[in-house]
1. For chain A, what relative contact order do you get, as a whole percent, if you take Cα pairs closer than 8 Å and at least 6 residues apart?
2. Explain nothing, just compute: Karplus ³J(HN,Hα) = 6.51 cos²θ - 1.76 cosθ + 1.60, θ = phi - 60°, for every residue of the range A:30-37 in order, whole Hz, x for Gly and Pro.
3. What pairs from A:Lys37/B:Lys27; A:Lys71/B:Lys62; A:Lys37/A:Lys71; A:Lys38/B:Lys106 go past 26 Å between their alpha carbons?
4. Given H placed on each backbone N at 1.01 Å, which residues far from A:Ala86 in sequence or on other chains put an amide H within less than 5 Å of it?
5. What residues qualify as long-range amide H neighbours of B:Gln17, i.e. H under 5 Å apart, gap of 5 or more or another chain, H built at 1.01 Å from N?
6. Short version: ³J(HN,Hα) in whole Hz for each residue of the range A:58-73, in order, from phi by Karplus 6.51 cos²θ - 1.76 cosθ + 1.60 (θ = phi - 60°), x for Gly and Pro, what are they?
7. Where is the GNM fluctuation largest for chain B (alpha-carbon springs, 10 angstrom cutoff): B:Ser58, B:Ser66, B:Ser95?
8. For B:His31, which sequence-distant residues (separation of 5 or more, or a different chain) have an amide H within less than 5 Å of its own amide H, given hydrogens modelled in the peptide plane?
Amino acid sequence: DQQVKQNSPSLSVQEGRISILNCDYTNSMFDYFLWYKKYPAEGPTFLISISSIKDKNEDGRFTVFLNKSAKHLSLHIVPSQPGDSAVYFCAAVSDKIIFGKGTRLHILP
Amino acid sequence: NAGVMQNPRHLVRRRGQEARLRCSPMKGHSHVYWYRQLPEEGLKFMVYLQKENIIDESGMPKERFSAEFPKEGPSILRIQQVVRGDSAAYFCASSPVGLPIATNEKLFFGSGTQLSVL
């Protein structure tokens, strides 16, 4: 029973364009949400978070949008850079932190 | 200020042997979480510990798996009588406060231990 779903296993985006990674969740009790980035053979590193009382949080090239009524959040990266190629995990926080399966982002030159 | 340290980075075991995975949290962090990543899968929660206490082990298999976080020393994830299906990357994370954590807190992850069972 997946409470956090990332339905796109992979995504390819041209360098300089916008990357949009999506995440859906089922539990309306989640307090807030996190995005992590993971390179091969490394641990996940924190990218950006958003509280359930907000609908947008921005940090440089990264913006996370939250639509509570749709139980959906998205991560926007603009402009996309080669170093953004990685696996991105969406996570939701309540009494535990539950991760999605991840989306592998390829930035094309 | 060293990050979360996990060792070994790679561990090879034969079926039936025991695997011990170690995790030293960041300095000042007293909350540790273990996650498992199977090939082509996401990070699956296993267990959440505070010093000397298991807070939530709802993600741990009922048999062969155990975890501890003693007063002194690293957290240990122990897998007895390993089977091929235990092959995975095991990640440890730490935080300064426990769940539910505030919006300005986050988990810091180690680089993981890749367990291969032959």
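1. Normalised by residue count, the contact order of chain A is 38 percent.
2. 4, 7, 7, 9, 10, 10, 10, 10
3. On the way: A:Lys37/B:Lys27 23 Å; A:Lys71/B:Lys62 32 Å; A:Lys37/A:Lys71 21 Å; A:Lys38/B:Lys106 15 Å.
Over 26 Å Cα-Cα: A:Lys71/B:Lys62.
4. Close amide H contacts, sequence-distant or interchain: A:Leu105.
5. Here B:Val82 satisfy the definition.
6. For the range A:58-73, the Karplus-derived couplings read 10, 8, x, 7, 10, 9, 10, 10, 10, 10, 5, 5, 8, 6, 9, 9 Hz, x marking Gly and Pro.
7. It is B:Ser58.
8. When sequence neighbours closer than 5 places are left aside, the close amide H contacts are B:Ser95.
Just so you know, all these numbers are worked out from the coordinates, no wet-lab data involved. This is a predicted model, so every value here is computed, not measured. Ideal geometry is used to build each Cβ from the backbone, glycine not excepted, and the neighbour counts take in all protein chains shown.
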